[in-house]
Amino acid sequence: MTASAPSRELSPDQLRWRLDPASLPFETTTQLAALDAVVGQDRGLEALRFGMGMARRGYNIFVTGEPGLGRLSAVKRVLKELSASDRVPDDLCYVNNFKRPEAPVLLRFKAGQGSAFKKDIHEFLERLKKEVPQLFESEEYIARKNEIIELHEKKVLEFYNAVEEKVKNTGLAVVRMQVGPYTRPDVLPVVDSEPKRMVDLETMVENGRFPRAEYEQIKEKRARVKTEVDHLMLEVRALQKDVDRKLEEVDKLMIRTLASEALGPLKERYADTKVQTHLEAIVEHMVDNLEDLKLVGGRPKDMPPGMPYMGPPPDAVLAPYGVNLLVDNAEQSGPPVIIESYPTYRNLFGGVDRVVGPYGGWQTDFSKITAGEFVKANGGYLVLNLLDAIMEPGVWQTLKRSLKTERIEIQTYDPFYFISGTGLKPEPIDMEVKVVVLGDHRLYQLLLYYDQDMPKIFKVRSDFSRVMDRTEESVTHMARFIASEVTRQELKPFDAGAVAVVVEHAVRMAGRVEKLSTAFPLLSDLLHEADLYATRAASETVRAEHTREALLARIGRLNRIEELLREMITRGSLFVDLEGTAVGQVNGLAVHSIGDHLFGMPSRITATTAMGREGIINIEREAELSGPIHSKGMLILAGYLRRNYAQDKPLTLTASIAFEQAYSGIEGDSASSTELYALLSSLSGVPLRQDLAVTGSVNQMGQVQPIGGVNEKIEGFFLCCKDKGLTGNQGVMIPQANVKDLMLREEVLEAVLQGLFHVWAVATVDEGIELLTGLPAGARGKDGQYPKGSVNALVDERLLALAKGLRDFAKEAEEGEEKGKAKTKTKGKKT
């Protein structure tokens, strides 16, 4: 190892940022004011307020961000601020369209008047239910009816007297004949003082019992008189129709007077034109359907006692005149704020219910229309999780259509609706609703790319960040957040040490030392868990050790697979050397994700080199286990080799690189520097330290670039070394750019402090190869040559030898081929 190597080793202070509890201006959270604001999301909150304030079409809000950032809580808080307005939307009612029952009419009322109107109509109908039967039994009604009937009977009697006079002294008589259920007058001859039917009289003539000449005279006289009688009877029937019409007019007048009188106060109370038109339509429909209205009293009194009543119940008779109060805002003090957690089509947009009719088919009417949360939020705000909504059939299309047109027509989403017997087309509702949807970045980008309507209806994006700057103010806000959760959830007070541990954990969650995580719901879970351990310890306050215990317990609940993999390394099932040296072999580090647990694990990476032209062979790619980014990293290695070793000769080699015992896909370029070290070791023949693990990506210039999961990778290798026993020489080599991301666990820091474990940071491949080999990397001199004995010189010499060997081999093969051709030609001549 060169003398410069120790200067790259990191001190314990560089491995973790610490918050000194003594620097906090409180002893426990009881001394802090609760946090009553959303912090760390200034950009997202500003976008929310902007979108809420834009009363223009399409300015709905798409809130993006990872789950667990408190997006819904932030939206609720902003809506609470904005919903303090006294602007309350209208009530909505559907009523019957008497001319077109399939198209119910929409009525709008000021908040609270919708329920009042429904109540008034109900009282009106209840009044009719009582007064209509009494109306047709009243003395006034009976007197009017009797007067008309008496006048009619008098005229009918006069007609019959006139008929009697016509047949008097003619030998004929007027007789009432029964024809089915009715009677009609007929003119018959009188023979032997007894009326005889013409058929009977004709029989008597044929039998010689009555003179034919007299029969012919009677027949002629009867025809003449009957014509006059029939004419008189037509006048009687016309008179009967006139009487019926007058009786019906009396009934209509009575009903019109009663209904108009009862609806008079409503017409004065509700001045809207559509309401006035509907009230008038009620009266006209009642007058036109008088016979049905008479059944509101139930069983008619003149019906025989034994006969069953098959008519409709009173409520069914009056049902067409009722009111369907669709949206009632009587109890609202401001714009409605609705958060729909189960956004099915019916829950969002309502529908039209149906019932089975008397003949087995579906039936419906205006009273079966139901409102969804989208309609109820009219004039206010609707919040929903878009991923939940978009999975429901028909929801996304209807939502788009309603937001584009700013109106909705309530219909039932039913793929089998074609089998229903009846359907409704309610009057559309003009919508003025601000929709706020929650989704992640991927869903937002997918919709933006594939759905051309997306930018038209969601013009505002509120993007929530997973981190915020770590400043004194943000640390104070974090402490106040803990205080507010303690109060709200009735937890034990947290002392300054416990708060410091929570803040440090928020820094680790952020992945950068200068940032704090904004995943407040996840931090809230940690507070609950720490409170449990404080309760078990019978402590009055939650201290630092309780919070650390909660963190370790959380890891213990999730790391079963991690421990199994470490056990396989310890027992030798997975080949990972933690001591010694080896040529073309190095320990790489990878991050594994299992559900909500991330952990690092070492993996052996090997490289072999030989003469050839195939270049670098990525075994994972050949086996279709390599992702595109990993394959890109492998191609960068060839660029590095060309830049550093192929300026004066062609790069001719065949090399294969593999992750040993890797049986699943590999993605990412964080192992590209590790693969390069293995390749350089194989070419130079210089062994690499196996007590070091390496991570970092590399570019063609040889710079080691930062990677993700640096803390998990270091801790993963440390635990493997700890399981086998720490030697004092083991450690991890990371990119220099990742030093600011380090937030290692306390046990790793303790081992580093005792000199049992080490962490190095390198900025270039040359620095890394020196640390791994103990030899100088070597820089190319003015003569274009690397220093003798350096790693780069050994690599350059091997590549030159491979190029010459390939050239000589090709030359020998060519000469052998020429000799073979000449020998064949000579043999052919002899033949």
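The values are calculated or read from the model by the stated rules, or taken from the named source; none is laboratory data. As the structure is a prediction and not an experimental result, all values here were calculated from the model. Because the Cβ atoms are built from the backbone with ideal geometry, glycine has one as well, and the counts that use them run over all protein chains shown. Just so you know, the surface numbers come from the protein's heavy atoms only, side chains and all, with ligands and any DNA or RNA stripped out. Shrake-Rupley method; radii C 1.70, N 1.55, O 1.52, S 1.80 Å.
Couple of notes before you dig in:
- Condition met for G702 (touching a strand residue (DSSP E or B) at 6+ places or on another chain (Cβ under 9 Å) and at positive phi): yes
- Long-range neighbours under 9 Å by Cβ, at least six apart or interchain, first residue outside any helix (DSSP H, G or I) within the stretch 521-548, second of a type in the set (K, R) and open to solvent by 70 Å² or more (accessible area, probe 1.4 Å): A537/R543
- Of all residue pairs spaced 6 or more apart or on separate chains, those with beta-carbon atoms under 6 Å, a first member in the stretch 791-806 that is among the basic types (K, R) and a second member that is open to solvent by less than 20 Å² (accessible area, probe 1.4 Å) and in a helix (DSSP H, G or I) are R798/L683.
- Complete set of residues in the stretch 469-480 that are open to solvent by less than 20 Å² (accessible area, probe 1.4 Å) and within 33 Å of the chain's Cα centre (by Cα): S474, M478
- Residue count for the stretch 96-117, restricted to those that are in a helix (DSSP H, G or I) and either surrounded by fewer than 18 Cβ atoms within 10 Å (Cβ to Cβ) or over 35 Å from the mean Cα position of the chain (by Cα) (or both): 2.
- Residues satisfying the stated conditions in the stretch 31-45, i.e. exposed (fewer than 14 other Cβ atoms within 10 Å of the Cβ) and over 16 Å from L69 (Cα atoms): Q31, A33, D36
- Here R222 fits the description: basic (K, R) and open to solvent by less than 60 Å² (accessible area, probe 1.4 Å).
- The set of residues in the stretch 524-540 that are under 21 Å from L24 (Cβ atoms) and open to solvent by 60 Å² or more (accessible area, probe 1.4 Å) contains only E540.
- Flag for L726 being among the aliphatic types (A, V, I, L, M) and assigned to a helix (DSSP H, G or I): no
- Counted residues, the stretch 1-50 - those being in contact with a helix residue (DSSP H, G or I) (Cβ under 9 Å, 6 or more places away or on another chain), farther than 18 Å from D469 by Cβ, modelled with pLDDT of 85 or more and among the hydrophobic types (A, V, I, L, M, F, W, C): 9
- V694 being open to solvent by less than 50 Å² (accessible area, probe 1.4 Å), hydrophobic (A, V, I, L, M, F, W, C) and under 30 Å from R745 (Cβ atoms): yes
- Qualifying positions in the stretch 775-825 - outside any helix (DSSP H, G or I) and aromatic (F, W, Y): Y786
- Selection from the stretch 698-710 of residues that are surrounded by 24 or more Cβ atoms within 10 Å (Cβ to Cβ) and farther than 18 Å from V759 by Cβ: V698
Condition check ((1) modelled with pLDDT of 75 or more; (2) farther than 30 Å from H122 by Cβ; (3) under 60 Å from the mean Cα position of the chain (by Cα)) across all residues:
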site: D186; (1), (2), (3): no, yes, no
site: P195; (1), (2), (3): yes, yes, no
site: R209; (1), (2), (3): yes, yes, no
site: Q240; (1), (2), (3): no, yes, no
site: L253; (1), (2), (3): yes, no, yes
site: E280; (1), (2), (3): yes, no, yes
site: V283; (1), (2), (3): yes, no, yes
site: M286; (1), (2), (3): yes, no, yes
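- Within the stretch 713-760, the set of residues being small (G, A, S) and open to solvent by less than 10 Å² (accessible area, probe 1.4 Å) comprises G716, G731, A751.
- Members of the stretch 582-597 found to be among the β-branched types (V, I, T) and crowded, with 23+ Cβ neighbours inside 10 Å, listed by number: V586
- Any hit, the stretch 364-377, residues being out of contact with any Phe, Trp or Tyr (no Cβ under 7 Å at 6 or more places or on another chain) and more than 30 Å from Q113 (Cβ to Cβ): no
- All conditions but one from (1) surrounded by 23 or more Cβ atoms within 10 Å (Cβ to Cβ); (2) at pLDDT 90 or above; (3) part of a loop (DSSP other than H, G, I, E, B) apply to G600; the one that does not is (3).
- Of the residues making up the stretch 203-216, not a single one is in contact with a Gly (Cβ under 8 Å, 6 or more places away or on another chain) and surrounded by 14 or more Cβ atoms within 10 Å (Cβ to Cβ).
- The stretch 225-255, residues that are in contact (Cβ under 8 Å) with a residue 40 or more places away in the chain and open to solvent by 80 Å² or more (accessible area, probe 1.4 Å): E248
- In the stretch 761-772, the residues that are outside any helix (DSSP H, G or I) and more than 47 Å from the chain's Cα centre (by Cα): T764
- The single residue among K456, K400 that is of a type outside the set (S, T, N, Q), open to solvent by 20 Å² or more (accessible area, probe 1.4 Å) and in contact with a Gly (Cβ under 9 Å, 6 or more places away or on another chain) turns out to be K456.
- Single residue of A822, A803, A777, A763 found to be aliphatic (A, V, I, L, M), out of contact with any strand residue (DSSP E or B) (no Cβ under 7 Å at 6 or more places or on another chain) and either at pLDDT 95 or above or open to solvent by 30 Å² or more (accessible area, probe 1.4 Å) (or both): A822
- Filter pass, N378 being part of a strand (DSSP E or B) and either over 16 Å from the mean Cα position of the chain (by Cα) or among the charged types (D, E, K, R) (or both): no
- Scanning the stretch 11-30 for residues that are in a loop (DSSP other than H, G, I, E, B) and either surrounded by 15 or more Cβ atoms within 10 Å (Cβ to Cβ) or in contact with a strand residue (DSSP E or B) (Cβ under 7 Å, 6 or more places away or on another chain) (or both) turns up L15, R16, W17, L19, L24, F26, E27.
- Options E622, E563, E579, E614: the member that is open to solvent by 40 Å² or more (accessible area, probe 1.4 Å), more than 18 Å from S682 (Cα to Cα) and touching a residue at least 40 places away in the same chain (Cβ under 8 Å): E579
- Summed over the stretch 485-523, residues that are farther than 26 Å from V739 by Cα and surrounded by fewer than 19 Cβ atoms within 10 Å (Cβ to Cβ) total 5.
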